[in-house]
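Take a look at the structure set out below.
Bear in mind that the values in this text are calculations on the coordinates, not laboratory data. For clarity, every value in this text was computed on a predicted model and none was experimentally measured. Cβ: placed from backbone, ideal geometry, glycine included. Neighbour counts: every protein chain shown.
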Amino acid sequence: MRQTDPWVRHGVETDLLGKSTASAASRSLREDTLRDPRIEAIVRECLGWPGAPIRRHSDSGHIIHKIALLADLGLTVEEQPVRLIADRVLGHRSEEGALQSNLLIPESFGGSGEEGLGWATCDAPTLIYSLLRLGVVDSDVEAALDHALSLVRESGFPCRSSFPGFYGPGRRDEHCPYANLVLLKAMAFAPGHRDSWEAKRCVEAQLRHWENRGGKKIFMFGIGSTFAKLKYPLVWFDVLHVADVLSRFDAALDDPRFTEMLSVLPPKQTEGGGFTPESIYLPWKGWSWGQKKAPCPWVTYKVASLFKRVP
């Protein structure tokens, strides 16, 4: 694995090799990450949270996903600019404790068609995940997670919002595969929640969806050739994102359906051992994961990290 970027070296050393994230070497690599001009630009943009309204949750260029990227790259609130971003996010909360975003929900989905602060189950968990992974220890984050968990049902995590007339694209009695995924992602970094009833229900919903992939589709979330393509950042509903999240839960690791899902990945490895993106998000052209011609060190690390968690 070509360890060119500091975040790749940090991931390999602290995750794959088990070195301490509290070490001077780890701090130095995080500082190197922050000094990268591309990361500096992302940090400046994220300091403008909540920024432009979220119009679609697969928009990889929106700052909600850029904040999550900073967390995935190993940065923490020990770095002052990251602490400021976390404070911006915590500065927008609903009365129920949910973390708010700037949303624009079309009239066709029960919204007003105008932007405004609010929460939806497909964005609030991404903010919870980001804060937890960045190392925020705060009662407001706990309250935000508690609010999200209160909405989990036997069938998983549904599509809901603070906007009274809002309704998602699926049936009311279905879980939302994407909202369910990002809530699991948050629970994976919340102490004491990986084996909770809510986690088990959400894991089961995700695996049931995989199991039934050849039958009736959940609207917008079919599992076919597009789902199976390697893609980064972990923004939407695809195999690397789903497998990365599920690999953090014992309930999935012990399940043959997850083993079957994982079997999609090894055949994608190149002769040199790397993994090449098979689909890209256009806002990320110019990054190692924004091309489909050569193995990407970070995507290769993500796959290696995932399999390290698999017994």
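Table for the structure above
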quantity	calculated
Segments 13-23, 258-268 sorted - mean Cβ within 10 Å per residue, highest first	258-268, 13-23
Antiparallel DSSP beta bridges within the chain, as percent of all bridges there, nearest 5	80
Relative packing of peptides 80-86, 234-240 - highest average C-beta neighbours within 10 Å first	234-240, 80-86
Size of charge dipole - the chain - debye, nearest 20, with Cβ of Lys, Arg +1 and Asp, Glu -1, no other charges	940
HN-Hα J in Hz across the range 7-22 - Karplus 6.51, -1.76, 1.60, θ = phi - 60°, x for Gly and Pro	5, 5, 4, 5, x, 4, 6, 7, 9, 5, 9, x, 6, 5, 6, 8
Residue-count net charge about Val137 - beta-carbon cut-off 13 Å; Lys, Arg +1, Asp, Glu -1	-2
The chain: calculated mean residue ellipticity at 222 nm from DSSP helix runs of at least 4, using -39500 (n - 2.57)	-12000 deg cm²/dmol
Computed log₁₀ I(q)/I(0) - Debye formula, equal Cα scatterers, no solvent, the chain, q 0.10, 0.14, 0.16 Å⁻¹	-0.53, -1.12, -1.53
Net charge contributed by nearby residues that have their C-beta within less than 11 Å of Asp146 (K/R +1, D/E -1)	-4
No Cys partner within the rule (Cβ under 4.7 Å), the chain	Cys46, Cys122, Cys202, Cys296
Ranking of Thr33, Thr226 by count of other Cβ atoms within 10 Å, fewest first	Thr226, Thr33
Charge tally in the Cβ shell below 11 Å around Arg160, where Lys, Arg are +1 and Asp, Glu are -1, Arg160 excluded	+2
Cut-off under 5 Å, modelled amide H: who pairs with Leu117 long-range	Leu103
Pairs beyond 19 Å (Cα-Cα), from Lys19/Lys308; Lys200/Lys231; Lys217/Lys302	Lys200/Lys231; Lys217/Lys302
Given charges at Cβ of Lys, Arg, Asp, Glu: the chain dipole, positive-most of Tyr129, Pro37, Trp287	Trp287
Theoretical gain in end-to-end length, Phe307 to Lys293 [0.36 nm per residue, Cα-Cα removed]	2.7 nm
Amide proton proximity set for Gln269, modelled H, under 5 Å, gap of 5+	none
